[in-house]
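Asker: Have a look at the structure that comes next, please.
Every read-out reported here was derived from the displayed coordinates using simple, explicitly stated rules and does not represent laboratory data. In this text the structure is predicted, and so the values were computed from the model without any measurement. All Cβ positions, even for glycine, are placed from backbone atoms using ideal geometry, and neighbour counts span all protein chains on display.
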Amino acid sequence: MALLMPGPFVDQPEWIDRLAEQGLIVMPEALPTACTEGLLQEWQSRYAAGYSAPAHIGKGYQQQAAATIRSDRIHWLEANDPQPDIAAFFQAIRVWSRAVNQSLYLALNAFECHFACYEPGAFYQKHRDRFQADNGRRLSLVLFLNRNWKSEDGGDLVIYNPLHDDEILQVIPPTFGTLVIFDSERFPHEVRPTQRQRLSLTGWLKSISAHDAFLQGTALFPDPAAL
Ligand code: OGA
Ligand code: MN
């Protein structure tokens, strides 16, 4: 369990500069370890209790169970989830988004996120996170929750060059505590087949109308817990 503390990455504005320059940052030990550990335990216990469903792609009527494209199972989180580590995570995202808005003018005002579990053999083929019908996604976030990940475990997140999408830019193992943030529109990426159960928390910071954010229940500001 963690208190409502933003945690290391929020206190390191140089990451925001790097995000502006490169569109992609990979931050090891981004949150206090106790918070990452709490998120892992919470996801493990919800998963064991059956709180997950096969992930879909697309939205609304375009939505299709797409086991040929991705085979993870997910559990969406609500912004007012009372679990302390989830609340701390949302708070860190809120504080960080404010700083990003001040430096990069992205007008981030909404956040949606889910836990994800890739069982052995699961993968997610190369894709971009922003749907064709604009879904307002600006930044993609992935927090990895896997202790002692070894290269033979597979499951790397592979980021491709936006201009030449056969060219690999970076191969990122899903190591415990690493937080990856990248431009949702620019970077094609994939999850290579995993050999071991692979757990993560994946989210998107969005810029959408306040009305849509309210309807979706994804509004970042004001903090619902503070109302
Ligand atoms: C996604 C995704 C990457 C990962 O869920 O859209 O690309 O490493 N996840 O889990
Ligand atoms: Mn993705």
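Asker: Classify region 157-227 as rounded, prolate or oblate from the Cα gyration tensor: take a ≥ b ≥ c as the square roots of its eigenvalues, call it rounded if a/c is under 1.5, otherwise prolate when a/b beats b/c and oblate if not.
Answerer: Note, shape of region 157-227 comes out oblate.
Asker: While we're looking at this one, here's another question. Using DSSP to define loop residues, name the GluC sites (Glu not before Pro) in region 131-227 whose beta-carbon has at most 14 other beta-carbon atoms within 10 Å.
Answerer: Glu167
Asker: With +1 on each Lys and Arg Cβ and -1 on each Asp and Glu Cβ, and nothing else charged, work out how big the dipole of region 92-227 is about its Cα centre, in Debye to the nearest 20.
Answerer: So the dipole magnitude of region 92-227 works out to roughly 320 debye.
Asker: Give the Rg (one decimal place) followed by the Dmax (whole number) of the chain, computed from C-alpha coordinates and expressed in Å.
Answerer: Gyration radius and largest Cα-Cα distance of the chain: 16.5, 47 Å.
Asker: Then there is this: Compute a Gaussian network model of the chain, connecting alpha carbons closer than 10 Å, and tell me which residue from Leu157, Leu106, Leu179 fluctuates the most.
Answerer: Leu106
Asker: OK, next. Given points 7 Å out from each Cα along the Cα-Cβ axis, report the Glu167 to Ala49 separation in nanometres with one decimal.
Answerer: 4.8
Asker: HN-Hα J couplings of region 189-199 from phi, Karplus 6.51/-1.76/1.60, θ = phi - 60°, integer Hz, Gly and Pro as x?
Answerer: 7, 8, 10, 5, x, 9, 9, 9, 4, 10, 10
Asker: Quick one: Karplus J couplings for region 164-176, per residue in order, coefficients 6.51, -1.76, 1.60, θ = phi - 60°, nearest Hz, x for Gly and Pro?
Answerer: Values per residue, Gly and Pro as x: 10, 7, 9, 8, 6, 8, 7, 10, 10, x, x, 6, 3 Hz.
Asker: Something else: Of Ala67, Ala87, Ala122, which is the most mobile in a GNM of the chain whose springs link Cα atoms less than 10 angstrom apart?
Answerer: Ala67
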